[in-house]
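What follows is a set of notes on a single structure, which appears directly below.
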Amino acid sequence: MPGFGSPPDRSLEHGRGLMRRKPIEHIEEPEGATTERLTRTLGLWQLTAIGVGGIIGAGIFTLAGAVANGTAGPAVLISFLIAGVASAAAAFSYAEFAGLIPKAGSAYTYGYAVLGEFVGWFIGWDLLLEYTAIVAVVAIGISGYFSFLVEEAGAELPAWMLGAPGTGAGHKVDLFAVVLCLFVAYLLNLGIQSAARFEMVVVVLKVAVVLLVIVVGFFHIETDNYTPFFPYGVGGAFTGAATVFFAVFGYDAMSTAAEESKDAQRHMPKAILYSLAISMVLYVLACLVLTGMQHYTEIDPESGFSTAFKSVGLTGVADVIAVGAIIGILTVMFTFMLGVTRVWFSMSRDGLLPRWFAKTHPTRHVPTRVTWIVGVGSAAIAGFVKIGEAAELTNIGILLAFAVVCVAVILLRYRRPDLPREFRCPWMPFVPLVGVGSSIWLITYLQWETWVRFVVWFALGTVIYFGYGYRRSVLAVAERERSAADK
């Protein structure tokens with residue numbers, strides 16, 4: 001029987017042209033093509049760690065303080081809860097697909113299987129840019145913390161290596177951000193098992209720092225700081241939710257590793273939901289501590305927790321938090337670089353991009369070629385692009401992917417109710433519709449410049465698809481072979 005990435009037989013034909021779909025019935029490993037196969041080595045808790053690593057990062061160390069100070073006040077925890085509910089609606093949809101189609105590619109693969117080749121291409125092409133940009137943005141953010149710690153230690157670094165051109169006097173390149181991107185690419189190229197062990201250790205350290213913040217900070221809470229709870233009105237909490245939403249996904253990138261899970265059909269749905277649940281509990285408790293330790297007007301928008309602990313005389317804890325922020329945000333880079341390389345690998349194996357990119361290392365069984373390309377590409381963005389400009393590339397594609405996955409899970413439930421599902425999205429179709437509505441609502445908050453960049457990237461992708469993928473995809477080749485056999 002052919003594999004999921006192999007041409008379907010004639011009895012399983014799914015549409016033609018732009019609407020041809022990958023056959024869901026074929027979900028086992030492709031036969032042959034050992035140079036285009038990933039190794040199943042990840043267990044449940046390794047997958048969960050990758051998910052937590054992708055979710056908890058800048059959101060808890062930076063966004064919480066910024067939103068509390070200028071948007072929501074103490075109601076920042078309501079902002080996180082609203083964003084968490086919206087994200088959970090999409091997470092349930094991802095979980096159903098992850099148990100049904102345990103293959104690399106995540107939203108790209110789900111869209112291809114249910115909504116057709118062009119939609120799959122559209123989402124995959126989008127995620128290539130979005131995930132790469134996230135890696136670069138996070139690297140720039142870590143570089144800023146690193147420079148701060150160096151200065152605190154009394155050292156002075158050359159101005160030319162401290163930032164991208166235009167970010168400061170004498171700045172030519174953000175060298176530390178460049179090195180970070182290349183370092184993460186190196187880790188991923190060691191093999192998924194080795195890389196996952198590193199991720200597990202770092203995530204444990206990060207969670208320990210967050211728990212330190214919660215436990216120690218709890219004894220310094222002043223309840224008067226919670227008044228007024230809605231200083232910017234209830235609308236401020238909703239506006240804050242639109243901002244912090246980008247701190248409550250990451251499981252989507254983790255789900256791209258489904259093909260490297262030992263028992264993906266059972267473990268992937270659990271890992272998606274566990275990682276989001278663990279992260280949301282930590283987010284809410286941390287927000288309670290932050291807004292209880294300091295009045296929202298005094299919270300530092302850039303380093304809220306560090307300054308909050310300094311304000312109560314706990315300078316040593318503040319320094320630990322700063323180091324923990326660097327460690328914690330590093331795991332976000334790992335998760336999203338893993339995600340973009342697996343989407344690229346899957347698209348190439350399906351023939352939508354040159355198959356050369358789908359070759360894996362003969363012993364480590366990872367897509368070495370695309371990993372180094374992404375590493376160098378993200379390093380170039382991180383080194384020479386301002387963080388604000390890079391951040392504008394990270395929003396719209398992920399929200400559109402969420403909407404596509406939520407629509408697809410509804411269609412597939414009613415189109416193929418017979419398919420065996422290890423996990424079923426509850427309250428169908430209400431929960432996926434909440435995910436669609438939340439994604440569209442958040443898209444309305446994006447700047448017009450984001451739309452311009454999106455349209456340009458989409459136009460480029462459309463040219464590449466019709467110039468290459470439309471005729472060279474695995475399904476296109478099979479379609480021509482069937483047509484020839486019919487004549």
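A short reminder: the numbers here are calculations on the coordinates, not readings from a lab. Keep in mind it's a predicted model, so treat the numbers as computed, not measured. Cβ sites come from the backbone with ideal geometry, for glycine too, and all protein chains shown count toward neighbours.
Across the stretch 108-170, C-alpha contacts under 8 Å between residues 6 or more apart give a mean separation that, scaled by the residue count, equals a relative contact order of 16 percent.
Note on THR363 and PHE458: their simple-model spin labels are 4.6 nm apart, each label 7 Å out from Cα toward Cβ.
Rounded to the nearest angstrom and listed largest first, the equivalent-ellipsoid semi-axes of the stretch 201-294 from its Cα gyration tensor are 32, 18, 9. Amide H contacts of LEU42: SER261, LYS262, each under 5 Å away and 5 or more positions distant or on a separate chain (H built 1.01 Å from N in the peptide plane; Pro and chain starts excluded).
Per-residue extension of 0.36 nm, minus the Cα-Cα distance of TYR468 and THR239, leaves a gain of 78.3 nm for this segment.
A Förster radius of 45 Å, combined with the Cβ-Cβ distance separating SER311 from TYR445, puts the computed FRET efficiency at roughly 0.90. Based on alpha-carbon atoms, the Kirkwood radius and the radius of gyration of the stretch 309-365 give Rg/Rh equal to 1.39. The sum of -39500 (n - 2.57) across all DSSP H runs of n ≥ 4, divided by the residue count of the chain, sets its helix-only mean residue ellipticity at 222 nm to -21000 deg cm²/dmol.
Within the chain, the whole DSSP H helices whose Cα atoms reach 15 Å or more along their own axis and whose mean Kyte-Doolittle score is at least 0.5 are 44-55, 76-100, 117-152, 175-189, 192-218, 233-244, 264-293, 315-349, 368-384, 396-415, 430-443, 448-464.
In this label model, TYR232 and HIS220 are separated by 2.4 nm, measuring between points 7 Å along each Cα→Cβ vector.
Here r is the Cβ-Cβ distance between VAL376 and ARG266 and R0 is 35 Å; the resulting FRET efficiency, rounded to 0.05, is 0.45. Answer rounded, prolate or oblate for the stretch 266-349, using the Cα gyration tensor with square roots of eigenvalues a ≥ b ≥ c: rounded when a/c is under 1.5, else prolate when a/b is larger than b/c, else oblate. It comes out prolate by the Cα gyration axes.
Taking each residue as 0.36 nm, the span from MET428 to LEU411 lengthens on full extension beyond its C-alpha to C-alpha distance by 5.1 nm.
Rounded to the nearest 0.05, what FRET efficiency do THR297 and ALA155 have when you use their Cβ-Cβ distance and R0 = 56 Å?
0.95
When you filter the chymotrypsin sites (Phe, Trp or Tyr not before Pro) in the stretch 396-435 for DSSP loop state and at most 13 other Cβ atoms inside 10 Å of their Cβ, you are left with TRP427. Using Cβ point charges alone (K and R +1, D and E -1), the dipole size of the stretch 42-486 about the Cα centre works out to roughly 1520 debye. For the stretch 429-487, just say rounded, prolate or oblate: build the C-alpha gyration tensor, square-root its eigenvalues into a ≥ b ≥ c, call rounded for a/c under 1.5, and beyond that prolate if a/b exceeds b/c, oblate if not. Oblate, because a/c is 1.5 or more while a/b does not exceed b/c. For the stretch 209-249, what class follows from the C-alpha gyration tensor (a ≥ b ≥ c being the square roots of its eigenvalues): rounded when a/c is under 1.5, otherwise prolate if a/b is larger than b/c, else oblate? It comes out oblate by the Cα gyration axes. For the stretch 311-457, the equivalent ellipsoid built from the Cα gyration tensor has semi-axes of 31, 26, 20 Å, listed from largest to smallest.
For GLN294, the amide hydrogen comes within under 5 Å of no other amide hydrogen, counting only partners 5 or more places away or on other chains and with H modelled in the peptide plane. Using the alpha carbons alone, the radius of gyration of the chain stands to its Kirkwood radius in an Rg to Rh ratio of 0.98. With the charge dipole of the stretch 42-486 set up from +1 on Lys and Arg Cβ and -1 on Asp and Glu Cβ about the Cα centre, the Cα lying farthest toward the positive end among the listed residues ILE398, GLY141, PHE245 is that of ILE398. Taking a straight line from the alpha carbon of LYS386, these lysines sit under 26 Å away, with near neighbours fewer than eight places off in the same chain left out: LYS172. Residues within the reach of a label modelled at THR39 (point 7 angstrom out along Cα to beta-carbon, backbone nitrogen below 11 Å), restricted to the stretch 172-200, are 190-195.
Of all lysines in the structure, those lying under 24 Å Cα to Cα from LYS262, and not within fewer than 8 positions of it along the same chain, are LYS22, LYS103, LYS270, LYS359. The separation of the stretch 276-316 from the stretch 439-487, counted between C-alpha centres, amounts to 43 Å.
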